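Encoded as structure tokens, the structure appears first; notes follow it.
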Amino acid sequence: MNAMTVEHAGTTLQLDKVTLAFTVTARGQVWRWAPSYRPRLVTADGREIFFSDAESVTHYAWNTGIGKGIRSAYQGFSVDGKAIPFSFETIVWVEGVSGDVYFEFVPICEEGLSVRAVYWPGCMEFDEPSDRWYSVLNILQGLLLPNTWSSEVSKLHFDGQMCSCAAYMPWFGQVRPGAGYIAICQHPWDAAYQVDHPANGPYSHVSVRWLPSLGKLAYRRVMKYTFLGDCDYNDLCKVYRSYVKETGLFTSLAEKAARSPLVDKLIGSAIVHKGIKTHVSPDSWFYHENEPEKNDCLVPFSARAAEIRHYKEKGIEKLYLHLDGWGDPGYDSRHPDYLPACKEAGGWEGLKELSDTVEACGYMFGLHDQYRDYYFDAPSFDENFACRAPDGSIFDMARWAGGRQTFLCASQAPYYVKRNFEEVLRHGIHLEASYLDVFTCNEGDECCHPWHTMTRKECFEYRNACFSYLLSKNILPSSEEVTDWAMKNLVFAHYGPYDFMLQPPGTPRKGIPTPLFNLVYHDCMILPWPMEHLEGQEDYMLYALLNGGAAYLEREGAYPNCDGAFDGAATEPRLDEKIARYQIVAKLQERIAKCEMVRHEFLDHDWKKQRTTYSDGTTVTVNFHDNSYRIDLG
């Protein structure tokens with residue numbers, strides 16, 4: 001017999017012993033792996049080794065008190081004609097209570113092979129040329145990718161690593177008429193995924209790959225598949241919302257507000273993002289060789305204090321000032337040795353005056369800081385505390401303003417955060433929030449230095465420890481984007497945008513922007529939204545309303561044509577107009593910030609008319625054909 005079949009809890013598993021492919025029949029629907037897929041791993045030197053290369057492949061029935069399935073043992077591999085003891089097992093089983101299917105990869109012996117990635121389980125056959133067949137991808141805020149989408153989708157941020165902006169949440173799914181599934185990665189810190197969608201389709205293939213941890217596969221890796229009947233992307237999001245509640249990751253804004261009343265103070269605040277000093281190093285990617293005057297910018301603290309007073313005179317009651325470039329070296333320079341406060345801008349006295357002004361106006365104040373980029377010219381720089389690769393090397397680049405840098409091992413970050421913030425507070429700076437850059441945007445780091453060996457999972461734990469420290473000082477933590485590994489501590493972020501918002505205007509979109517993250521976590525995070533109205537294009541304020549989020553009143557781009565700030569892309573409205581637009585968004589946010597986004601809908605065929613519904617009954621309908629909106633309060 002070339003097939004092995006197991007039936008349990010209404011679900012049928014079938015293993016093809018020749019191709020090693022699985023077919024799942026659940027809720028009367030058949031899901032099978034794509035015929036083009038072959039289970040494989042890739043070695044550190046780039047060679048492919050297929051599961052079927054094993055001399056011995058044995059399949060067993062897997063029957064436990066919680067489910068039934070199939071265990072497969074693989075051993076007897078060889079490299080360059082030489083036998084090696086490398087071996088592993090896979091276990092695919094159906095949980096009796098839920099009917100969910102678990103795909104588990106279990107390393108048994110890693111001797112003889114250095115593995116770069118394991119491509120298993122396989123991608124589903126999803127090859128119908130129909131826009132009613134779509135993939136659900138957590139690229140930034142979220143994306144639906146119809147099988148017939150005109151643009152190719154294959155390259156992902158950070159090569160698809162989970163726990164980065166490539167996947168705010170570690171799952172993907174696919175929906176077709178009458179059926180769908182969600183695949184949840186239960187070990188996301190050492191995982192990535194890939195998407196294969198050619199221009200115009202007619203297919204989309206999505207699958208996970210497992211990454212080594214400090215050079216070893218080391219432990220069991222698990223993907224959990226939930227198969228649904230008639231469903232859409234909303235249903236997949238709610239499956240995941242239930243999952244994070246079960247696992248204890250879900251932490252609502254109401255819970256966070258109970259820990260700190262500052263959460264309520266932040267809700268409805270105008271978000272103002274301003275800078276003090278920038279000095280671009282000659283070795284920086286952003287250095288202007290032919291226009292050297294663009295390499296330096298300085299705004300005194302007193303000028304920012306005057307702006308704060310002006311906002312108050314304009315009648316703004318709630319405001320959060322996010323301040324860049326406040327340290328003496330300037331923006332993105334010499335971290336983690338960023339102190340003292342910028343002397344040219346007024347030093348500690350000037351920063352305190354600004355802080356006191358913000359406090360006197362009843363506003364909130366936060367500082368931009370950075371504890372991943374580790375600059376070679378920082379006075380305390382020591383490459384022994386940089387993230388070290390297995391070959392002993394350290395990362396080296398010179399992209400940002402401060403020039404040459406590597407990555408600080410995250411094991412050191414909590415110490416530097418404490419050192420710097422204690423000094424800031426000692427100078428009487430009144431902080432109610434602050435921003436630790438890139439922690440929730442970039443992938444996790446590993447470090448092989450024997451003094452502070454660190455896995456990716458430990459990296460995220462160290463980053464979380466930095467957020468915990470801020471909370472212990474009653475300072476609300478934020479970071480660049482959002483990710484659910486930080487959900488217990490993170491209160492807000494710089495943004496959680498759709499992917500297209502970070503691309504130059506006119507760039508072909510990867511798919512249909514969809515608020516997947518907010519369908520799961522709207523009532524857990526405060527997300528500010530850009531408010532630009534691009535000439536002849538969509539009014540971004542409508543996305544802020546649709547998502548029930550916060551509004552940027554003013555947002556200075558740190559770098560030209562980077563992170564969604566594009567030269568000449570938007571007309572700059574007068575301050576009075578910006579205030580009026582902010583107030584519209586803030587009024588809605590104050591009503592629904594702690595409400596679940598229950599449902600999102602596309603109301604027409606070209607996805608221009610959309611509606612969100614919140615748990616208090618409020619609905620927000622937007623129409624990007626004419627940039628109109630309607631709010632119906634619950």
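Things to note:
- For segment 46-127, relative contact order (Cα pairs under 8 Å, six or more residues apart, normalised by length) works out to 21 percent.
- Helical runs assigned H by DSSP (4 residues or longer) give the chain a calculated mean residue ellipticity at 222 nm of -5500 deg cm²/dmol, each run adding -39500 (n - 2.57) before division by the residue total.
- Anisotropy class of segment 243-284 from Cα gyration tensor, a/c 1.5 cut: oblate
- Among the listed pairs Lys343/Lys473; Lys238/Lys587; Lys418/Lys587, a Cα-Cα separation exceeding 30 Å is found for Lys418/Lys587.
- With every protein chain in place, segment 124-278: carbon and sulfur % of accessible area (1.4 Å): 50 percent
- Listed peptides 369-379, 62-72 appear in the order 369-379, 62-72 once ranked by packing, highest mean of other Cβ atoms within 10 Å at the front.
- Relative contact order (%) - criterion: Cα under 8 Å, at least six apart; region: the chain: 11 percent
- Segment 30-101, accessible area per residue, ligands and nucleic acids excluded (1.4 Å, Å²): 48 Å²
- Distribution of pairwise C-alpha distances over the chain, 20 Å bins, in %: 18, 50, 28, 4, 0
- Kirkwood Rh in Å, taken over segment 411-547 so that all alpha-carbon pairs contribute: 17.0 Å
- Inter-label distance for Thr58 and Phe395, nm, one decimal - labels placed 7 Å from Cα along Cα-to-Cβ: 4.3 nm
- For the Cα trace of segment 242-348, dividing Rg by the Kirkwood Rh returns an Rg/Rh value of 1.13.
- Computed on the Cα atoms alone, the convex hull of segment 303-364 gives a volume of 75 cubic angstrom per residue.
- Shape call, segment 337-377: gyration tensor on alpha carbons, a/c limit 1.5: oblate
- Probe 1.4 Å, accessible area per residue of segment 440-481, Å²: 34 Å²
- Accessible surface of segment 435-475, 1.4 Å probe, proportion on carbon and sulfur as whole %: 47 percent
- Counting only protein heavy atoms and a 1.4 Å probe, segment 156-290 has 32 square angstrom of accessible area per residue.
- Sorted peptide list for 247-256, 139-148, criterion being average Cβ within 10 angstrom, highest first: 139-148, 247-256
- Among residues other than Leu546 with Cβ under 14 Å from its Cβ, the summed charge is +1 (Lys and Arg +1, Asp and Glu -1).
- What separates the Cα centres of segment 79-130 and segment 145-211 is a distance of 18 Å.
- Prolate/oblate/rounded call for segment 26-153, Cα gyration tensor, a/c under 1.5 rounded: oblate
- Within the accessible area of segment 331-424 (1.4 Å probe), percent carbon and sulfur: 51 percent
The values are calculated or read from the model by the stated rules, or taken from the named source; none is laboratory data. Model, not experiment: these values are computed from the prediction. Here Cβ is always computed from backbone atoms with ideal geometry, including for glycine, and neighbour counts include all displayed protein chains. In case anyone asks, the SASA skips ligands and DNA or RNA and just uses the protein heavy atoms, side chains included. Shrake-Rupley method; radii C 1.70, N 1.55, O 1.52, S 1.80 Å.
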